[in-house]
1. Rounding to the nearest 10 and keeping the result within 0 to 90°, find how far the Cα-based axis of helix 101-125 lies from the longest principal axis of the chain.
2. What share of all Cα pairs of the range 2-125, in percent, falls into each consecutive 5 Å distance bin?
3. Could you tell me the calculated FRET efficiency between Asn97 and Ser31, based on Cβ-Cβ distance and R0 = 22 angstrom, to the nearest 0.05?
4. Helix 37-49: angle to the longest alpha-carbon principal axis of the chain, degrees 0 to 90, nearest 10?
5. For Arg88 paired with Tyr122, estimate the spin-label separation in nm (one decimal), with each label point 7 Å from Cα along the Cα-to-Cβ line.
6. How far, in degrees from 0 to 90, does helix 13-30 lean away from the longest principal axis of the Cα atoms of the chain, to the nearest 10?
7. At R0 = 22 Å, how high is the FRET efficiency between Val110 and Leu130 if r is their beta carbon distance? Nearest 0.05 is fine.
Amino acid sequence: MVLVIAWTILSDLEDGLTWALVGGLSLDFLSAAPFGIFTLALILVAIVANISHGRIFGSSIVLPLGFTFPLSILFNGSALLILNVLGRPVVWLDAFNDIFLPVAIFNTGVMVLVFPPLYYLYRRLHPQPLSF
């Protein structure tokens, strides 16, 4: 999820959706949950992360850090909501306290480590032309 957020912010929605599809399918194949839940949740995260595509803060890490916490809650919440709609019981207060908050804090910390190398990689793959 952190990679989907970072790459969508750096690149565009198409690349973000590609990584959301790859990551979501990987999670779905490894999970015992109904197939497609994590793919749908990651696609939703990529679409919402695309809001920042205007590059409000440029190369600053402020935007990815600011988006990671709420998007992590959105990812986990949408996955559990889909499970709930499919008839699986969810204790929302316990899920929020035991899953959503700790995972969102962890993912935000991971973004601090992941975004700078991804930014460097993106700039190496997409060099900016010199203007005179």
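Just so it is clear, none of the values below were taken in a lab; they were calculated from the coordinates. What you see is a predicted model; the values in this text were computed from it and never measured. Because the Cβ atoms are built from the backbone with ideal geometry, glycine has one as well, and the counts that use them run over all protein chains shown.
1. Orientation of helix 101-125: about 30 degrees from the principal axis.
2. The calculated distribution, bin by bin, is 2, 12, 20, 23, 20, 12, 7, 3, 1, 0.
3. 0.50
4. It works out to around 40 degrees.
5. Result for the modelled spin labels: 3.1 nm.
6. Around 40 degrees separate the two axes.
7. Working: r = 34 Å, r/R0 = 1.55.
Taking R0 as 22 Å, the efficiency between Val110 and Leu130 is 0.05.
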